[in-house]
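Written out below as C-alpha cells is the structure these notes cover.
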Amino acid sequence: MSVLGMVATAAFAGSSREDTVDRLQKSVDVLHAIMATPDKGIPEEVLSNAKCILVVPDLLKGGFIIGGKHGRGVATCRTSEGWSAPAFVAIGGGSWGLQIGVEGVDLVMLVMNDQGFQHLLSSKFELTGEGSVAAGPVGRHASAGTDWKMNTEMLTYSRSKGVFAGLTLEGAVVQQDDDSTRAIYGKHMMFRNILSGKVSTPQSADAFMKAVSQAGQQAKVAEAKDGSK
C-alpha cells in the first residue's frame, strides 16, 4: 500500500472511531432519558425483564441516506456476570411507521426472551412482526392485557423530543456493524462472542455500560417497591 493509501486508511479509521464514540455518548443520553421519565417512558417491569437493550440514536437523521442504512447503534445483553460488552449494529429496510425526514428520532429495542436473544446473536436477522417484534407499551406500568412478557421476542420504541412511543418496525433488518466494531475493538469480533460476555468492555464504552446498569437497576428497584404496595 502506498504512503497516501496508508494515510487515507488511518484517517478513515480515526473518523470511524470518533463517530462510534459519539454514538455511544448519544446512546447514554437516551438511557438517561429513560430513567428521567418513568411515567412517560418504558414500563419498569418491561425494562427490568429485558434480556438485551439496543439503542440507535438519531435513527433517521443519522443514517437514513448515508450508506443506505436507517441507523447505527449499540447493543448489550445480560450475562451471568452482568451486562455484556457493547456490540455495534446497523438497521435498515422495512416499514418504520415514521415519516421520512423526521429528525432527532431515537430507537430503543428490548429483547424480551431467549428466542429473541438467539436471533440477535445470529449477526443478521429480519424483524417479521409475526410475534417476533411489536411496538412496546409506554408508561410506568405495562398494561395487564398485553402479552409482551410471554410471547413477544422484541419490543420497539421511538423517542422524539423527550417522549417515548411504541414504534412499528416490521421488515427491518438488524445486522452487525463491522466498521464500528473494528473502530472500537481494533479488529473484527464475533457478535455472538461480544453479547455472550466473552469480550472485555473497552474503556471508550464505560459511560454507556454504566448508564445501562443504572437503568436496569433503577427499573428493578422501582418494580420491587411497586410490588410491595
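Readers should treat all values here as calculations from the given coordinates under stated rules, not as data from a laboratory. This structure is a prediction, so every number in the text was calculated from the model and none was measured. Reconstructed Cβ throughout: ideal geometry from the backbone, glycine too, with neighbour counts over all protein chains shown.
Figures for the structure shown
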quantity	calculated
Using a Förster distance of 30 Å, the FRET efficiency for Asn193-Asp29 (Cβ separation, nearest 0.05)	0.60
Distance (nanometres) between label positions extended 7 Å along Cα→Cβ at Ser213 and Glu81	1.3 nm
